[in-house]
Amino acid sequence: MSDATMPVEVVSAERHVLSGEITEIYARAVEGEIGILPGHQPALIALDIGPVRMRMSDGSLQQVAVHHGVLFVGDDGKVIVLADIAEPASDIDVARAERRKRIIEERLAHTTDPALRRSLRKQQLRVELGED
């Protein structure tokens with residue numbers, strides 16, 4: 001196993017979420033899952049609603065619920081996640097997310113509203129990461 005790391009910053013429109021050194025990062029791009037390791041070529045990747053999972057240099061796993069944004073890998077290897085909404089898994093109120101999820105599911109029984117479907121995906125992500 002390599003000791004190579006890369007710096008990471010995760011920020012949302014509202015706040016700075018996380019910074020540190022990571023050995024790997026995985027995210028849900030709009031075109032599918034993406035994994036980034038040290039030495040990755042520069043990239044700009046559009047993110048969908050999904051988890052961002054980072055293996056920190058100390059071996060711990062950090063998970064962040066991201067609701068759209070971009071993942072940028074710079075020439076210097078620095079990874080920046082700029083998200084509309086980014087919530088560390090540890091900050092998620094699972095009970096609240098489950099209540100909202102049930103309400104949205106009830107509404108979706110009577111409509112196919114795309115905005116409600118996106119809201120449901122957000123709540124499902126919160127429940128998934130909050131329970132890990």
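None of the figures in this text is laboratory data; all of them are computed from the coordinates on show. Note that the structure is predicted; figures quoted are calculated from it, not measured. Reconstructed Cβ throughout: ideal geometry from the backbone, glycine too, with neighbour counts over all protein chains shown.
Observations
- What the phi angles of region 91-103 give under the Karplus curve with 6.51, -1.76 and 1.60, with θ = phi - 60°, is a coupling list of 8, 7, 8, 4, 4, 5, 4, 5, 4, 4, 4, 4, 4 Hz, glycine and proline written as x.
- Within region 50-77: backbone nitrogen closer than 13 Å to the LEU44 label point (7 Å, Cα to C-beta): 70-75
- Highest average packing first - 123-131, 40-48, Cβ atoms within 10 Å: 123-131, 40-48
- Region 12-60: relative contact order as a whole-number percent, Cα under 8 Å and 6+ apart: 44 percent
- Approximating the spin labels as points 7 Å out from Cα along Cα→Cβ, the ALA115-to-MET56 distance works out to 3.8 nm.
- Relative contact order (%) - the chain, alpha-carbon pairs under 8 angstrom, separation at least six: 22 percent
- Amide H within-cut-off set for SER12, under 5 Å, with H built and near neighbours excluded: VAL17, ALA83
- In Hz, Karplus ³J(HN,Hα) per residue of region 32-48 (6.51, -1.76, 1.60; θ = phi - 60°; x = Gly, Pro): x, 5, 9, x, 10, 10, x, x, 4, 5, x, 7, 10, 10, 6, 9, 9
- In Hz, Karplus ³J(HN,Hα) per residue of region 73-89 (6.51, -1.76, 1.60; θ = phi - 60°; x = Gly, Pro): 10, x, 4, 8, x, 5, 9, 10, 10, 10, 10, 4, 9, 9, 10, x, 3
- The slack in the chain from ASP75 to ALA95, taken as 0.36 nm per residue of separation less the alpha-carbon distance, amounts to 3.1 nm.
- Debye-sum result for the chain in log10 I(q)/I(0), which assumes one identical scatterer on each alpha carbon, at q = 0.12 Å⁻¹: -0.47
- Considering only ALA13, SER60, ALA27, and ranking their Cα positions along the charge dipole of the chain that arises from unit charges at the beta-carbon of Lys, Arg, Asp and Glu, the one farthest toward the positive end is ALA13.
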